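The values are calculated or read from the model by the stated rules, or taken from the named source; none is laboratory data. Please read all numbers here as calculations on a predicted model, not as lab measurements. Please note: Cβ atoms are built from the backbone with ideal geometry, for glycine as well, and neighbour counts cover all protein chains shown.
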């Protein structure tokens with residue numbers, strides 16, 4: 001593994017954040033307790049929803065709602081192949097079947113026009129992801145779901161602070177899952193949050209996160225240990241106070257990149273719909289060809305600059321080929337975008353000098 005002088009992402013932990021965690025630890029609040037409860041309440045208030053359930057990861061934030069909605073073996077869940085594998089892994093872990101729908105070529109989110117064609121009598125839910133921090137067409141997706149009596153479980157792992165038609169992501173779908181991993185705009189070390197206006201669903205998720213126990217040693221479901229510890233919640237409470245400032249900073253960094261790269265031949269910068277506010281957890285550029293993408297990627301790496309390919313299509317991962325029989329050519333837009341996209345470094349403490357270094361390398365590589 002090369003040593004990178006500029007990493008693709010890095011957490012920003014302030015003195016106030018560290019003090020919040022210190023206070024939780026020194027107060028002997030190590031497991032889930034008052035900090036988790038406070039974090040849930042403040043998170044729900046921020047989004048304007050009735051309930052929020054803190055869990056140990058973004059994966060758990062999608063896994064538990066599926067179980068709480070009684071997804072059964074043989075049920076089908078429509079989702080996107082252009083995402084981190086956790087999105088569809090949780091479907092398989094609930095013994096259901098992911099049914100992939102290709103993406104559209106501007107935002108890389110699930111193609112709204114192709115969803116209804118994938119609905120069958122076995123379909124129980126639609127699981128879109130807000131790619132990179134930009135909302136999918138969730139209002140219309142929820143309308144399709146309502147028409148067909150389906151659930152919408154929105155994977156908003158990178159999208160805390162995003163808006164869609166002035167509605168906050170996390171307040172639109174029946175249930176939404178967020179991630180607070182180290183590379184996210186707001187992080188708790190590791191962690192996640194489930195948001196919903198269905199308080200009964202939220203309560204079931206709370207029970208599922210503690211091995212299905214309604215009370216100590218009284219198990220009414222088969223669940224998981226998906227609890228968030230108080231020190232992590234304390235960090236989340238502290239960071240939530242400045243989430244809007246964090247998103248504004250990420251947008252400023254993204255705008256600087258785009259201004260510098262918009263005129264570079266063979267490079268397309270992120271397209272943001274006018275009705276969306278992007279969080280820019282990721283900043284992906286799209287090269288004209290795979291050869292140009294690889295030239296840029298390898299040149300940046302040789303200079304100690306980390307990049308990521310977000311994402312290799314899920315349906316081409318070895319385990320998905322084995323379990324679902326998926327293969328090349330099934331979702332051509334996702335496959336094409338994956339071959340040409342490259343995620344550039346973007347983090348809160350990034351300097352203009354660092355961005356200019358990256359931009360100049362890209363300009364030189366594209367000549």
| Condition test on residue 293, is it modelled with pLDDT of 95 or more, surrounded by fewer than 21 Cβ atoms within 10 Å (Cβ to Cβ), more than 30 Å from residue 168 (Cβ to Cβ) and under 25 Å from the mean Cα position of the chain (by Cα)? | no
| message | For a quick check of your reading: which helices (runs of 4 or more DSSP H) sit entirely within the stretch 287-357 and have at least 3 residues that are farther than 29 Å from residue 253 by Cβ? | response | 318-324
| Which residues, taken from the stretch 42-71, are in contact with a strand residue (DSSP E or B) (Cβ under 8 Å, 6 or more places away or on another chain) and outside any helix (DSSP H, G or I)? | 48, 49, 50, 51, 52, 53, 54, 55, 56, 57, 69, 71
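Each row is one residue, and each column tells you yes or no for (1) buried (at least 24 other Cβ atoms within 10 Å of the Cβ); (2) in contact (Cβ under 8 Å) with a residue 12 or more places away in the chain.
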residue	(1), (2)
62	yes, yes
65	yes, yes
78	yes, yes
85	no, yes
88	yes, yes
92	no, yes
116	no, yes
129	yes, yes
143	no, no
| Which one of the conditions (1) within 17 Å of residue 80 (Cβ to Cβ); (2) free of Cβ contacts under 8 Å to residues at least 60 places away in the same chain; (3) in contact with a helix residue (DSSP H, G or I) (Cβ under 6 Å, 6 or more places away or on another chain) does residue 138 fail to meet, given that it meets all the rest? | (3)
| request: Write out, first by first residue and then by second, each pair whose Cβ atoms fall under 6 Å of each other, whose residues are 6+ apart or on separate chains, and whose first residue, in the stretch 1-27, is under 15 Å from residue 182 (Cβ atoms) while the second is surrounded by fewer than 15 Cβ atoms within 10 Å (Cβ to Cβ) and modelled with pLDDT under 95. | output: 11/182
| Got a number for residues in the stretch 246-286 being closer than 29 Å to residue 179 by Cα, part of a strand (DSSP E or B) and in contact (Cβ under 8 Å) with a residue 60 or more places away in the chain? | 5
| Residues located in the stretch 224-257, provided they are out of contact with any helix residue (DSSP H, G or I) (no Cβ under 8 Å at 6 or more places or on another chain), buried (at least 17 other Cβ atoms within 10 Å of the Cβ) and more than 25 Å from residue 16 (Cβ to Cβ) | 254
| said: For the stretch 119-135, give me the residue count where each residue is in contact with a helix residue (DSSP H, G or I) (Cβ under 9 Å, 6 or more places away or on another chain), assigned to a loop (DSSP other than H, G, I, E, B) and under 14 Å from residue 159 (Cβ atoms). | reply: 2
| Test result for residue 281, within 19 Å of residue 83 (Cα to Cα) and surrounded by fewer than 18 Cβ atoms within 10 Å (Cβ to Cβ) | no
| Checklist (1) outside the structural domain of residue 135 (by TED's automatic domain parsing); (2) buried (at least 22 other Cβ atoms within 10 Å of the Cβ); (3) farther than 30 Å from residue 149 by Cα; (4) in contact with a helix residue (DSSP H, G or I) (Cβ under 6 Å, 6 or more places away or on another chain) applied to residue 267, failing item | (2)
| note | Within the stretch 151-165, restricting to residues that are over 10 Å from residue 133 (Cα atoms) and in contact (Cβ under 8 Å) with a residue 40 or more places away in the chain, the one that is surrounded by the fewest Cβ atoms within 10 Å (Cβ to Cβ) is 165
| task | Go through 329, 325 for me and flag whichever is modelled with pLDDT of 95 or more, under 29 Å from residue 91 (Cα atoms), touching a helix residue (DSSP H, G or I) at 6+ places or on another chain (Cβ under 8 Å) and loosely packed, with under 13 Cβ neighbours inside 10 Å. | result | 329
